[in-house]
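The values are calculated or read from the model by the stated rules, or taken from the named source; none is laboratory data. The shown structure was predicted, so the numbers you read here are calculated from the model rather than taken from an experiment. A quick note on method: Cβ atoms are made from the backbone with ideal geometry, for glycine too, and the neighbour counts reach across all protein chains shown.
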Amino acid sequence: MVEDEARVRSFLERGLQEAGFAVDACADGDAGLQCALVYSYDAIVLDLMLPRRSGLDVLAELRRGGRSTPVLVLTARDRVEERVRGLDAGADDYLAKPFAFAELLARLRALLRRGTSSASAIEVGDLRIDLVARRVQRGGQRIELTPKEFALLEYLARHAGQVVTRTMIAEHVWDMNFDSFTNVIDVYIRYLRRKLDEPFERKLIHTRRGVGYVLGEEA
């Protein structure tokens, strides 16, 4: 997220984190561009009126560099011509200030679904993850997850059958300030196993020692 107004930035960061997102927040265009070029993000929330480098410049530079990360432009500029400029520069969606946070969340989740699959749910074996209602069931049984547990499970499910490393999990489920020397990821994997695997005979979360984790059915 790139937003120069401290109050708005803090509000958005806190709200997105409470909704289960890992958020890196930047206060100017140069810092935002640098982060977007260094890290692999699922989506970017970008203000247009930024110090040091405008949001339009950031967006144009990303697109020139071949980055296709979905971008939601969030700005006080609500005139039609400003929206057209933002969309023409490569924005995927546009939300004018003031805005309802619930709408921002809905638009952001729509962009994330568009960037991967239009499906509103993911199924892995008898596990079903409703991405819209943010509900999880296994074998028809409802499973209650915290926002962070849901974010971790969603990331594993979007890469079902693939090995995801701890570094990948840290970047997409936590943020760039995550301490890689802690065992937080292993702790949350244990939380998920306790809820998703222990009550069932067939296990879905598998460890690849020294590499990472795989979500899927295995013999």
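Tell me yes or no: at least one residue of region 74-84 is assigned to a loop (DSSP other than H, G, I, E, B) and of a type in the set (Ser, Thr, Tyr).
no
With Ala170, Ala151, Ala160 as the choices, which residue is touching a Gly at 6+ places or on another chain (Cβ under 7 Å), within 16 Å of Asp42 (Cα to Cα), in the same structural domain as Leu127 (by TED's automatic domain parsing) and not hydroxyl-bearing (Ser, Thr, Tyr)?
Working: Ala170 fails: touching a Gly at 6+ places or on another chain (Cβ under 7 Å); Ala160 fails: within 16 Å of Asp42 (Cα to Cα).
Ala151 is the lone residue from the list that is touching a Gly at 6+ places or on another chain (Cβ under 7 Å), within 16 Å of Asp42 (Cα to Cα), in the same structural domain as Leu127 (by TED's automatic domain parsing) and not hydroxyl-bearing (Ser, Thr, Tyr).
Looking at region 175-195, which of the residues that are under 20 Å from Arg14 (Cβ atoms) and surrounded by 12 or more Cβ atoms within 10 Å (Cβ to Cβ) is modelled with the highest pLDDT?
Val184
Might you let me know whether region 133-147 holds any residue that is in contact with a Phe, Trp or Tyr (Cβ under 8 Å, 6 or more places away or on another chain), modelled with pLDDT under 90 and of a type outside the set (Val, Ile, Thr)?
Yes, because at least one residue in region 133-147 is in contact with a Phe, Trp or Tyr (Cβ under 8 Å, 6 or more places away or on another chain), modelled with pLDDT under 90 and of a type outside the set (Val, Ile, Thr).
With respect to Ala110, is the statement that it is within 29 Å of Gln34 (Cβ to Cβ), under 17 Å from the mean Cα position of the chain (by Cα) and of a type in the set (Gly, Ala, Ser) true? If you could, list the steps in order and put the result at the bottom.
Working: within 29 Å of Gln34 (Cβ to Cβ): yes; under 17 Å from the mean Cα position of the chain (by Cα): yes; of a type in the set (Gly, Ala, Ser): yes.
Answer is yes for this residue.
Given the residues Asp130, Asp42, which is the only one that is closer than 30 Å to Arg202 by Cβ and in the same structural domain as Leu16 (by TED's automatic domain parsing)?
When all the criteria are applied, what remains is Asp42.
Please work out which one of (1) assigned by TED's automatic domain parsing to the domain that holds Leu33; (2) under 14 Å from the mean Cα position of the chain (by Cα); (3) buried (at least 17 other Cβ atoms within 10 Å of the Cβ) is the condition Leu105 fails and give its number.
So Leu105 meets the others, but not (3).
Checking the structure you have, find out if any residue of region 3-18 is in a helix (DSSP H, G or I), over 23 Å from Lys148 (Cα atoms) and of a type in the set (Gly, Ala, Ser).
Yes, the conditions are met somewhere in region 3-18.
Hey, does region 121-134 have a residue that's over 19 Å from Gly15 (Cα atoms), in contact (Cβ under 8 Å) with a residue 60 or more places away in the chain and β-branched (Val, Ile, Thr)?
Yes; the residues of region 121-134 include at least one that is over 19 Å from Gly15 (Cα atoms), in contact (Cβ under 8 Å) with a residue 60 or more places away in the chain and β-branched (Val, Ile, Thr).
Can you confirm whether Arg64 is under 24 Å from Leu112 (Cβ atoms) and assigned by TED's automatic domain parsing to the domain that holds Tyr41?
yes
When you check Val45 against the structure, is it under 21 Å from Leu153 (Cα atoms), touching a helix residue (DSSP H, G or I) at 6+ places or on another chain (Cβ under 9 Å), among the β-branched types (Val, Ile, Thr) and not in a helix (DSSP H, G or I), yes or no?
It is false that Val45 is under 21 Å from Leu153 (Cα atoms), touching a helix residue (DSSP H, G or I) at 6+ places or on another chain (Cβ under 9 Å), among the β-branched types (Val, Ile, Thr) and not in a helix (DSSP H, G or I).
Looking at region 118-219, what helices (runs of 4 or more DSSP H) fall wholly within it and have at least 2 residues that are of a type in the set (Phe, Trp, Tyr)?
147-158, 184-196
Would you check which residues across region 15-52 are charged (D, E, K, R) and either closer than 18 Å to Ala96 by Cα or modelled with pLDDT under 90 (or both) and list them? Reasoning before the result, please.
Here is the first cut: in region 15-52, the residues charged (D, E, K, R) are 18, 24, 28, 30, 42, 47, 52.
Selection gives Glu18, Asp42, Asp47.
In region 8-42, how many are in contact with a Lys or Arg (Cβ under 7 Å, 6 or more places away or on another chain) and not acidic (Asp, Glu)?
Residues meeting the conditions: 6.
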